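Data block below; observations after.
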Amino acid sequence: MYRNLIKPLLDIIIALFAFIILAPIFIIVLVILSISNSGSAFFTQLRPGKNGEIFKIIKFKTMNDKKGLNGELLSDEKRLTKLGLIIRKTSLDELPQLLNVIKGDMSIVGPRPLLPAYLKLYSKEQARRHNIKPGITGWAQVNGRNAISWEEKFKLDVWYVDHQSFLLDLKIIFKTVKKVFVSEGINTAGQATTKPFKG
């Protein structure tokens, strides 16, 4: 009952409440990034949701679009701006995803939505992370986030799929708030972002 009825309802209520409360911060970040990025404050990207269905995720843009001599985008580490680093450390870049939750694409708690290209790389067990809606935060995020391996991350995601409950979701939300304040596990050691999953 919780998974199919209570959780979806709570997602919308919490997302709406959080968006209203955090609206002033949302507007401030929006204005600052619009100026810093010459009008582009948001970053959108296609991601797989429940059952692998593709949706467009919304985040605040923390990297510029600088390209190398070959015309390809520079590495994430070179494109991550100083302002973007601050926004990412405070997890404010995730704030627009509340709109994804309100739309029904995502949940507050669930496995993080990754890239569509990864869908063909998962093992049968790892693919079970898509049996539920992806989340803004999840069990893997409060147990290492980007500082753990992909294999560990997927094990935690699948464990959550099998054990989700109201008390567990509450625990994850509280642990997420704590980790945001200490900026723990944001990046892989030596990397601006986590390394791509190779299967």
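The values are calculated or read from the model by the stated rules, or taken from the named source; none is laboratory data. Just so you know, these numbers come straight off a predicted model, no measurement behind them. Counting neighbours? That spans all protein chains shown, and the Cβs are built from the backbone with ideal geometry, glycine included. Ligands, DNA and RNA are excluded from the accessible area calculation, which covers all protein heavy atoms including side chains. Shrake-Rupley method; radii C 1.70, N 1.55, O 1.52, S 1.80 Å.
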If packing is taken as the mean number of other Cβ atoms within 10 Å per residue, what is the order of 155-163, 105-113, 170-178, highest first?
105-113, 155-163, 170-178
Of the listed pairs Lys59/Lys178; Lys56/Lys133; Lys59/Lys82; Lys67/Lys153; Lys124/Lys178, those with alpha carbons more than 23 Å apart are Lys67/Lys153; Lys124/Lys178
For the chain, calculated [θ]222 nm from helices alone, where every DSSP H run of n ≥ 4 adds -39500 (n - 2.57):
-12000 deg cm²/dmol
Per-pair calculated FRET efficiency, R0 = 30 Å: Gln45 and Leu16 via Cβ, rounded to 0.05:
0.80
Counting only protein chains, not ligands or nucleic acids, how are Phe55, Phe166 ordered by accessible area (probe 1.4 Å), most first?
Phe166, Phe55
Label selected from [x] 16.6; [y] 17.5; [z] 19.9, the criterion being Kirkwood radius over Cα pairs in Å as computed here:
[y]
How high is the relative contact order of region 58-170, in percent, counting Cα pairs under 8 Å that sit 6 or more residues apart?
22
Rel. contact order, % - alpha carbon contacts under 8 angstrom, at least six apart, the chain
21
Could you state the per residue volume, in Å³, of the convex hull enclosing the Cα atoms of region 53-97?
94
What whole-number value in Å² describes the accessible area per residue of the chain for a 1.4 Å probe?
56
How much of the accessible area of region 81-173, probe 1.4 Å, is carbon plus sulfur, in whole percent?
65
Placing +1 at every Lys and Arg Cβ and -1 at every Asp and Glu Cβ, with all other atoms neutral, what dipole size does region 1-101 have around its Cα centre, in debye to the nearest 20?
100
Report the label-to-label distance for Leu9 and Ala147 in nanometres (one decimal), using points 7 Å from each Cα along the Cα→Cβ vector.
3.8
Might you report the magnitude of the Cβ-based charge dipole of the chain about its Cα centre, with Lys and Arg at +1 and Asp and Glu at -1, to the nearest 20 debye?
180
18 Å Cα-Cα threshold exceeded, pairs from Lys7/Lys103; Lys50/Lys89; Lys7/Lys61
Lys50/Lys89; Lys7/Lys61
For 135-147, 56-68, 37-49, ranked highest to lowest by mean beta-carbon neighbours within 10 Å, the order is 135-147, 56-68, 37-49
